[in-house]
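The values are calculated or read from the model by the stated rules, or taken from the named source; none is laboratory data. Here the structure is a predicted model, which means the values were calculated and not measured. Because the Cβ atoms are built from the backbone with ideal geometry, glycine has one as well, and the counts that use them run over all protein chains shown. The accessibility values were calculated without ligands, DNA or RNA, using every heavy atom of the protein model including side chains. Shrake-Rupley method; radii C 1.70, N 1.55, O 1.52, S 1.80 Å.
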Amino acid sequence: MNAMTTFTIKSLRANKVRTLVTIAGVVLAAALLTAVLTSYTSLQAMLYEAETRMAGTWMAEVQADDFDGLAAQAQEAEAAGQIADVAYLRDAGFGELAEEQQNYFGPYLRLADFSGDIETLCSLRPSEGRLPEKAGEIMLFDTWRTAGDGMEVGDTLTVPVGERVAVLAPGRTGSMVHGEVPANGGFVGGMEAAEDEIAEGTVLDSSIGYLDAALDGGIFNEELRVTGERTYTVVGFYDNIPYVASHGFGMTAFTCDSPDDELTGLNRAYVTMAGVDSTAAVEQRIEEAFPDRYAELHLGLLRYMGVRTDGAIWDTFFSIAAVLAVVIIVACVSLIYNAFAISVAERTGQFGLLASVGASRRQLRRAVALEAFIVAAIGVPLGLAVGIGGCAATFAALGPSLATIFGAAEVGFNLSVAPWALAVAAGLTAATVLFSVFVPAWRASRVNVIDALRGNQSARASKRGAARAARAANPAKLWRGRGIAGRVFGVGGLLARINEKRGASKGMAASVSLALAIVLLMTAGSLSTFLGTLTKVAGGPADAGDVGVVAMFAGDTTSSGDGAEGADAAGNAIGAEGADAGAAGANPAASADNEPLTLEAVVAARDARFAEEVAVYGKAWEVLKTTPDAEPVGWRLDGGVPLIVPEAMVGDAFKADGALHGGRMADGSFAVMGSVVYLEDAAFDRCVADAGLNPADFHDPATPRALGVGKAYGNNGAVYELLDVLTATGTVQALTAGLYEGEAVSGFAVAYESDGANGGGFEFVPYVFEADGADGGMTSNLDPADVETATTPVEVVAVLDEAPELVGMYGESVQLIVPMSLAATHSLGIVDPTFRASFDAPEGRSGEVGDDLVDAAGTFFHDEAPFEVAFLAMNDYAGDAASNQTLAMVVNVFCLLFTVILALIAMANVFNTVTNGLILRRREFAVMRSVGLSNRQFRAMIVDECVAWCARGLVPGVLLSLAVSWLLWSAVSGSLSGLPFAVPWAYVALAFAMTAVAVGISVAYGMHRCKADNVVEALRMDSV
Amino acid sequence: MDMLTVSHLTKIYGEGATATRALDDVSFTVQEGEFVAIVGSSGSGKSTLLHLIGGVDRPTSGHVLLNGIDVYARSDEELAVFRRREVGLVYQFYNLVPVLNVVENMTLPVALDGRVVNQDRLGGLLDRLGLRGREGHLPRQLSGGQQQRVAIGRALMNAPAVVLADEPTGNLDTANSREIMQLLRDSNRDFGQTMVVITHDEEIALAADRIIAVEDGRIVRDERIRR
């Protein structure tokens, strides 16, 4: 061990506190980098696992018409090591399905013959039974067990099988080139387009999607040319849908060892490879092994393998990670740099001494470098361990929640440590240490021997300081006119101000670390604010109860045509909105007699149908109430109703430009697309009583009375917020029906007519829906002047501030609440209302109870209801709330960890610079005290200096942190539009407070050190 | 009249076995206007003695009376006031504040005391110390001898009861040393300024009225050589 080494080690030992703070800084830096990278690799590993479970481990799919050629190439490639494993899937014809079966399974039963390890490569796993093992065995999709007559393992399936043939659509001629459209954009991307020429009578293989000219805009339809019949024994079912099983023309059934004559069409080879590190490498191997074959890459998997990185979500992820990484690195560099710079500055005298006894510059540089090496050698491994340990602990606590959030509950979120990540973290930290050491080392090597030995600290004054000092030489002006500092802090303040103006360093290091502290804390704050907003947006308002059942019957004359289409068809209308009330159902024109239709008859028919549906729903409610574990909360019906609202009643939401649900009409009243909720009587009466009114007043069929909800939750053009929709009581008119040339109109859209007679305004535009077999029907708008309309007055007796619990969330527009008893006589124009029933469920079982409720409802409607069910579903509010809570918890924990670590770095940095800045000047302080500076004056001077540092640090700090916040906001808003940019003021305040506390503690410690020093000792420090 | 009375002054550094007796029961008096040199070898305790007289350190036991007032009966805050009014300190390494210019360094004790600078006295000192034309210079722009003259100016500015100088020429060449000693001598003669100078240089000590020799924390010799 040479002298310099000994010297370095001794000096590290002698300055234990500083050495420890420096090592702690390195540990923190390495730990934070390791944690960020390990979180990333763990996430990637989980997503990789999830992807292989979902889609299999195949990396590329090669398609070929000749199987033998494909298999030969694959065999050769496997022998040559170009591919690691291969599995095959071959078209084995298409089974014909009955019309009813097509509803469940798609147009055909696609038959596919597999060979090879299809379970691993393509993630084809039986959920029940097993994979086929010999010819004549088949595995079906799980739906086959329950749909139709049901199917069990061991059953026999006999199905007509044939080939798909292209048929020109009526009135079309010619042929077309059908480019391969990836089944799922996220899954697969084409290396090159496979093009198939399609003409009349072309046999279609499984690479060509279902042809429907009306839907895909092409000129061909298709049909199945049945060539025979096959019988299979069902040996298993699968319930996950891997890529290989999912096609537009139906769910795939898998078989094996089929005779050659059944294997017609396309053959696919799914291959895996070892030792590829880029998409290009995968492509190249495929081209070498399978020249001129069409292939697709499993990009989802390649991405998670780290072979490929792109995509919208990843862009957001990476830009957040990049911003954080930059902040972390800057923080770490500053922490370590400060520690070393101070360490070297403090020992300027020692370096002078060493230089005077013959140490070369190189030796001095190496002394500092050795110090860095020792610090890094201890700090980096410790940091890696702390980072991995922290991740392990965090993942152990949050793993299940994390996995759920990323939709990979069965895979689980486990710690995955990648050697490259550790290498990067270690390398980056070491580089940081080296950089931090370079400047101080260079400075140390240039120490002027004489200056250092004389302890000549005059170098502390800057050049400009000398000029300023020269100007201040007028004895008459001595110690005067130095502004507010002098008045508040006395001579101490004056000294501080002089020091600030003439000093070379001006407490720059302290100001920089203060600015950095603000940036770090605000970054953490912004991150948690924006992520918090994300989780809140994801949460949304909740309905009453733990589970809800939602159902709707289909109108009896048409099967589709909802309000949205009406709005689209309104075309030129700005802010048009379709009316749910518009289905052409309950139209008496369907009756055979030719009596001219009257408005009264239309209204009467709608009321009658509505009453019928309500009766059915009432019974359904009674039935659902008996479901085990489902605690009934209440039920309601709702539907959209066009409302004419007097100006005195409407809130600002409709007076603003660009209101989505209505606005001022030419006559001054407002056209509003509102909704009416029929609430079960008991619950309704409670609401009325809560509002201080008499329930009995609301049940008179002759005069419909309602409660109005004053607020709605909607988008005001920029952000989601509560809007004023209804401000006063009064009577609104519900537009219940319209008659056009003797036929009932389908509904009304609210639209803005800019060329109206009175200079423009909103109005209700009636439209009719024309069922047309050829293209699925369309709507056409009618001139309001040609349509006779019926209205029903509804008196709004009270305006509630918020919707009653059972009504759940705020609507998007005017919401009226009426008692269910009114449903017997008034539909208010609603055709086919939406049924909503809410139940509570035992904790954690809301999903199961919801499924039971839907099953019960389905059975009841199937057996008892005279209507076709258009829609039946359950909402698992409790489950959603739980997963939102999980997400919020995970986000909060991450933000908290991040904040704490950054706060630690920030505080350590401030402490380091401030205390050391003071300690370095202790001889100067001693001089002042020896000539009579009192403790009070000393404190005043230091406090004044601190105020100056803070002012200089905080302003740029806040500006810089606003920039960082903005960058984070841009990253987050990339995946969530409409998120407003907000300055996290709470965190600004917190950052200020924490920084102030850190400065306070640092100064207190620094002053204590300075005072604890005997003045005599301090004065003697001038010698080495 | 006794300007300064030092009685039974003892200072022990450290504790127990490692305790060092830097001063051991030292007593002497200094008359107003006297120029005293304290000599002794390195580590003899002479600097400790000076710091104790100057009120920058506290003794283990014993008393220092300046103008009949016990220095160490004062609080820290009073001690600071005492230092700036009654004591002028001159160090071997000048100990000027690097960011203050010549006149600011010289008048720092006045400013700390919150008093108005006596322009006549400042002007007189600048002339006497040969610092005219250098009022706005920062310490690093001055030579060692000039810096020491600024330090002497600072010590004299308040017309303190006593000027204490700790090896004031220790860092200077012979010519500068002579010049500094002459300045101190002149101040003593012209202003009647009481001076206590620590030195290990017998030649310099001979400029004083009286030489006190300290060895191992005790006074071994006290002789008047002039007056």
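Within the range B:170-186, being free of Cβ contacts under 8 Å to residues at least 40 places away in the same chain and open to solvent by less than 60 Å² (accessible area, probe 1.4 Å) holds for B:L172, B:N176, B:S177, B:I180, B:M181. Reported count of residues in the range A:64-79, each being part of a helix (DSSP H, G or I) and either open to solvent by less than 20 Å² (accessible area, probe 1.4 Å) or free of Cβ contacts under 8 Å to residues at least 60 places away in the same chain (or both), is 9. Within the range A:202-224, residues that are assigned to a helix (DSSP H, G or I) have Cβ atoms under 8 Å from residues that are polar (S, T, N, Q) and at pLDDT 80 or above in these pairs: A:A213/A:N221, counting only partners at least 6 apart in sequence or on another chain. Do the conditions hold for A:A3, that is, is it modelled with pLDDT of 75 or more and among the aliphatic types (A, V, I, L, M)? It is false that A:A3 is modelled with pLDDT of 75 or more and among the aliphatic types (A, V, I, L, M). Selection of the range B:98-109 for residues being within 8 Å of chain A (Cβ to nearest Cβ) and modelled with pLDDT of 80 or more yields B:L100, B:N101, B:V102, B:V103, B:E104, B:T107, B:L108, B:P109. Taking only the range B:203-212 into account, find how many residues are modelled with pLDDT of 85 or more, open to solvent by less than 10 Å² (accessible area, probe 1.4 Å) and not in a loop (DSSP other than H, G, I, E, B). Looking only at that region, the number is 2.
One line per residue, one yes/no per condition, for (1) open to solvent by less than 10 Å² (accessible area, probe 1.4 Å); (2) of a type outside the set (D, E); (3) touching a residue at least 60 places away in the same chain (Cβ under 8 Å):
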{"site": "B:A19", "(1), (2), (3)": "no, yes, no"}
{"site": "B:D25", "(1), (2), (3)": "no, no, yes"}
{"site": "B:T60", "(1), (2), (3)": "no, yes, no"}
{"site": "B:I69", "(1), (2), (3)": "no, yes, no"}
{"site": "B:R85", "(1), (2), (3)": "no, yes, yes"}
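Of all residues in the range A:833-866, those that are in contact with a strand residue (DSSP E or B) (Cβ under 8 Å, 6 or more places away or on another chain) and outside any helix (DSSP H, G or I) total 10. The set of residues from the range A:832-841 being open to solvent by less than 10 Å² (accessible area, probe 1.4 Å) and touching a Ser or Thr at 6+ places or on another chain (Cβ under 9 Å) comprises A:P833, A:F839.
Scan the range B:34-79 for residues that are part of a strand (DSSP E or B) and over 15 Å from B:V214 (Cβ atoms) and the total you get is 8.
Filtered by the rule that a residue be within 9 Å of another protein chain (Cβ to nearest Cβ) and not charged (D, E, K, R), the range B:129-141 gives B:G136, B:H137, B:L138, B:P139, B:Q141. When the range A:628-645 is limited to residues that are among the β-branched types (V, I, T) and within 35 Å of the chain's Cα centre (by Cα), the one that is most open to solvent (accessible area, probe 1.4 Å) turns out to be A:V633.
Out of curiosity, is B:A80 open to solvent by less than 50 Å² (accessible area, probe 1.4 Å) and modelled with pLDDT under 85? Yes, satisfied.
No other residue among A:A648, A:A653, A:A671 is outside any loop (DSSP other than H, G, I, E, B), more than 20 Å from A:C687 (Cβ to Cβ) and open to solvent by less than 10 Å² (accessible area, probe 1.4 Å) apart from A:A671. Give the range B:106-130 a look and list any residue that's open to solvent by less than 10 Å² (accessible area, probe 1.4 Å) and out of contact with any Lys or Arg (no Cβ under 6 Å at 6 or more places or on another chain), or say none. Answer for the range B:106-130, where residues must be open to solvent by less than 10 Å² (accessible area, probe 1.4 Å) and out of contact with any Lys or Arg (no Cβ under 6 Å at 6 or more places or on another chain): B:T107, B:L108, B:V110, B:A111, B:L122, B:L125. Within the range B:62-93, the set of residues being at the interface with chain A (Cβ under 9 Å from one of its Cβ atoms) and aromatic (F, W, Y) comprises B:F82, B:Y91, B:F93.
If the condition is being at pLDDT 85 or above, under 38 Å from the mean Cα position of the chain (by Cα) and of a type in the set (A, V, I, L, M, F, W, C), then the range A:688-712 contributes A:L707, A:V709. For the range A:269-276, check the following and say yes or no: at least one residue is at pLDDT 75 or above, open to solvent by less than 20 Å² (accessible area, probe 1.4 Å) and in a helix (DSSP H, G or I). No, every residue in the range A:269-276 fails to be at pLDDT 75 or above, open to solvent by less than 20 Å² (accessible area, probe 1.4 Å) and in a helix (DSSP H, G or I).
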